[in-house]
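Notes for the one structure printed next.
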């Protein structure tokens, strides 16, 4: 192969690679903007199969989303409401980055009906409403029959507050 033919083949290969990369970047951005988890995963799966040259095989639970279709409109998760359109906190953010408003109560009030621990020392609190919570750092102030308030804290955490002004980081189990 003479040098000029090799140079032309190299330029054509580089141009094809650049076009594929630009297409895949645009497709990846489109897949990332899909709000529902299953549809987003299907889009990425179909993109991976397309880029690897394999035909996308449908599974029993999901059918791959076509790459040329727009992102399907889906309802938001039950725990969050859609972001407010005119909210100044969302200015300049993509759909995936926008702040959402939590739906549901900000705080509950209940009484401790059962207090226990396991062999590892983890403390469990069962409330009179049937909920079970794991207490991260029990200091001995919790007692059966005691009134508690559990409220939302920062970054998805929850705090249990007792009347003696002690607070505990808790995680819901049931």
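Could you sort the peptides 158-171, 35-48 by per-residue average Cβ neighbour count (10 Å cutoff), highest mean leading?
Result, highest mean first: 35-48, 158-171.
Within a 10 angstrom radius of the beta carbon, how do 117, 134 rank from fewest other beta carbons to most?
Going from least to most buried by this count: 117, 134.
Could you check the spin-label model distance between residue 154 and residue 109? Points 7 Å from the Cα along Cα→Cβ, value in nm.
Distance between the two pseudo-spin positions: 2.7 nm.
If I model a spin label at residue 32 and residue 167 as a point 7 Å from the Cα along the Cα→Cβ vector, what separation in nanometres do I get?
3.5
At a 10 Å Cβ-Cβ cut-off, how would you order 124, 91, fewest neighbours first?
91, 124
Can you put 125, 135 in order of Cβ neighbours within 10 angstrom, beginning with the fewest?
Result, fewest neighbours first: 135, 125.
For region 110-174, what are Rg and Dmax over the alpha carbons, in angstrom?
In Å, with Rg to one decimal and Dmax whole: 10.8, 30.
None of the figures in this text is laboratory data; all of them are computed from the coordinates on show. From a predicted model like this one, the values you see are computed outputs, not experimental measurements. A quick note on method: Cβ atoms are made from the backbone with ideal geometry, for glycine too, and the neighbour counts reach across all protein chains shown.
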